[in-house]
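Please read the structure below before turning to the comments.
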Amino acid sequence: MGSQVEPRAFDILLLPGDGIGPEVIGAAREVADAAAEKFGIELAYEERDIGATAIRSTGEPVAEETLARAKESDAVLFGAVGHPDFDGSTVRPEAGLLALRRALGAFANLRPVAAIPSLLSASTLKKEVVEDVDLLIIRELTGGIYFGEKEEADSGGNRASDVCEYTREEIERVARVAFDAARLRKEHVTSVDKMNILATSRLWRAVVEEVAQEYPDVELDHLLVDAAAMFLIREPKRFDVILTENMFGDILSDEAAMLPGSMGMLPSASLGEPGSAGIFEPVHGTAPDIAGSGKANPYAAILSAAMMFRYALDLPDVAAAIEQGVSGALEAGVLTPDLGGEATTTEATRAVIERLSAGTSQA
Ligand code: NAD
Ligand code: IPM
Ligand code: MN
């Protein structure tokens, strides 16, 4: 691979979305372009609206045509959706992201969480608790309570319900992703559920146990989600791969962002069956409180672009070069305000690009 020229351009669909989404996706694109140039790779972009931006122009959070383009692309680089203007509305920007995940069958969301040596002081937790943390949350992404039937409008404002449903097949396929990932790490899966209360969690635990039989080399344990939330703060080093359902994974991953120290540090990859386009999306939201101020931390989006090179484009050297660029920028103290510094989005992006160019193409 190295710096050899790739035979074709990769088609990347950019969906910046709302709030700080365009700011951090602009940064990720600049870094991806710099990396592509360095490695002799061609990237072809198309950009579309999603979220509040799309509702304003078309009335819908995502257009069918955008979903069709996503399916045809090699990868989707996604920012964030959501805007306070739509808080009282039944047409929600966030529905665009759910539709995208569903359309691409992106059932496994990989959210790596690692302590960053030069950033230990950015965490609100003690240094000895967070140093050497290295875990991977695998969140089921296209099932559960997010996608079950909802009752809302018909009840005259007095009653609402969300159905949580899981099938054996949905649990099996995401469990295999977790066990396969554990084999490349510390061979330990912690499955998180609420089996003392929820029927879906009892099915979850039984199916995960069955899948575990295929992986005798991987250690499996189980935690109830409330206890898992506690252990994530008390002893995060006990975790290697955390496998969990959609909503628990959503909540636990924001909590886990406090291990490296900021929402602005967590990237993710949302993957489906081989051959389907993955979505590469920072874990954070649209951060309306800082949107437009130049304070957004672009590292999560940049690291999501690195995951795109690794998982969608099969270019691990490029991914590693970007990750080293980010580590280098952090070590040099280029920190945005969420990390305790004063760097702007542009300065942080430039710092990564400078360090990319300084590295070797055989990273
Ligand atoms: P949020 O993640 O947007 O913000 C939470 C806090 O973290 C805020 O103080 C924000 O300033 C900070 N933060 C987040 N990302 C940051 C970054 N890159 N750099 C610096 N600081 C950062 O969560 P929220 O405030 O609960 O949600 C705001 C909106 O975003 C809502 O509409 C929500 O639905 C949406 N949301 C979207 C996604 C997504 O598109 N994937 C994820 C989460 C929330
Ligand atoms: C995330 C977000 C989304 C989720 C919302 C915006 C639909 O919070 O990616 O973590 O809950 O999955
Ligand atoms: Mn979330």
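The values are calculated or read from the model by the stated rules, or taken from the named source; none is laboratory data. Given the structure is predicted, the values throughout are model-derived calculations rather than measurements. Cβ: placed from backbone, ideal geometry, glycine included. Neighbour counts: every protein chain shown. Heavy atoms of the whole protein, side chains included, go into the accessibility calculation; ligands, DNA and RNA do not. Shrake-Rupley method; radii C 1.70, N 1.55, O 1.52, S 1.80 Å.
Odds and ends about this structure:
- Convex hull of the chain built on C-alpha atoms - directionally averaged projected area, nm²: 18.1 nm²
- The range 133-251 - percent of accessible surface contributed by carbon and sulfur, probe 1.4 Å: 51 percent
- Reciprocal mean inverse distance between Cα atoms of the range 172-282 - Kirkwood radius, Å: 14.8 Å
- Rolling a 1.4 Å probe across all protein chains gives ILE116 an accessible area of roughly 30 Å².
- Full-extension gain in nm, ALA199 to GLU273, via 0.36 nm per residue minus C-alpha separation: 24.0 nm
- Dipole moment magnitude, nearest 20 debye, the chain about Cα centre, only Lys, Arg, Asp, Glu C-beta charged: 440 debye
- Accessible area in the full protein assembly, largest first, 1.4 Å probe, for ASP240, ASP11: ASP11, ASP240
- 11 Å reach of a label modelled at GLU47, 7 Å along Cα-to-Cβ, counting backbone N of the range 8-22: 14-17, 22
- Residues whose amide H comes within less than 5 Å of that of ALA343, counting only those at least five positions distant or on another chain, are LEU335, THR336 (H built at 1.01 Å from N in the peptide plane).
- Residues in the range 106-119 carry Karplus couplings, in order, of 7, 8, 10, 9, 9, 10, x, 10, 10, 5, 10, x, 6, 10 Hz; the curve used is 6.51 cos²θ - 1.76 cosθ + 1.60 with θ = phi - 60°, and Gly or Pro positions show x.
- Pairs of Lys in the chain closer than 25 Å at Cα, counting only those 8 or more apart or on different chains: 8
- Sites GLU354 and ALA320, calculated FRET efficiency, Cβ-Cβ separation with R0 22 Å, nearest 0.05: 0.85
- Rounded to the nearest 20 debye, the dipole magnitude of the range 186-304 is 420 debye, with +1 charges on Lys and Arg beta carbons, -1 on Asp and Glu beta carbons, and the Cα centre as origin.
- With the simple spin-label model, which puts each label point 7 Å out from Cα in the Cβ direction, the ASP180 to SER293 separation comes to 4.2 nm.
- Potential lengthening of the chain between HIS188 and GLU37 amounts to 50.6 nm, from the contour at 0.36 nm per residue minus the alpha-carbon distance.
- Loop trypsin sites (Lys or Arg not before Pro), the range 47-141 (other Cβ atoms within 10 Å of the site Cβ: 14 or fewer; DSSP): LYS126
- Solvent exposure, largest accessible area first (probe 1.4 Å, DNA, RNA and ligands not counted), of LEU97, LEU135: LEU97, LEU135
- Environment charge of PHE147, counting only residues whose C-beta is closer than 12 Å and scoring Lys/Arg +1, Asp/Glu -1: -3
- Low-density loop positions, trypsin sites (Lys or Arg not before Pro), the range 186-228 - DSSP coil, at most 16 other Cβ in 10 Å: LYS186
- Qualifying GluC sites (Glu not before Pro) for the range 289-351 [loop in DSSP, other Cβ within 10 Å: at most 13]: GLU342
- Put simply, the amide H of LEU43, placed in the peptide plane, has neighbours under 5 Å in PHE10, leaving out anything fewer than 5 places away on its chain.
- Between VAL192, VAL211, VAL326, the Gaussian network model of the chain with springs among Cα atoms under 10 angstrom shows the greatest mean-square fluctuation at VAL211.
- Modelled FRET efficiency - R0 41 Å, GLU165 with SER57, Cβ distances, 0.05 increments: 0.75
- Counting only protein chain heavy atoms and rolling a 1.4 Å probe, the accessible areas of MET307, MET263, MET247 rank, largest first, as MET247, MET263, MET307.
- For SER191, the residues whose modelled amide H falls within less than 5 Å of its own, excluding neighbours fewer than 5 places apart on the same chain, are ASP221, HIS222, LEU223, LEU243.
- Of interest is the spacing of the C-alpha centroids, which for the range 19-39 and the range 54-109 amounts to 20 Å.
- Computed [θ] at 222 nm, helices only, for the chain once each DSSP H run of length n ≥ 4 contributes -39500 (n - 2.57): -12000 deg cm²/dmol
- Of all accessible heavy-atom area on the range 257-302, the percent that carbon and sulfur account for (1.4 Å): 58 percent
- Averaged over its residues, the range 39-163 has an accessible area of 47 Å² per residue, based on protein heavy atoms and a 1.4 Å probe.
- Given their separation in residues at 0.36 nm each and the Cα-Cα distance between them, ILE233 and ASP221 gain 2.5 nm when the chain is fully extended.
- In order along the range 290-297, phi translates into HN-Hα couplings of 10, 4, x, 9, x, 9, 4, 7 Hz, rounded to whole numbers, per the Karplus curve 6.51 cos²θ - 1.76 cosθ + 1.60 with θ = phi - 60° and x for Gly and Pro.
- Helices of the chain meeting both criteria, an alpha-carbon length of 24 angstrom or more along the long axis and an average Kyte-Doolittle score not below -1.0, with helices taken as full DSSP H segments, are 21-39.
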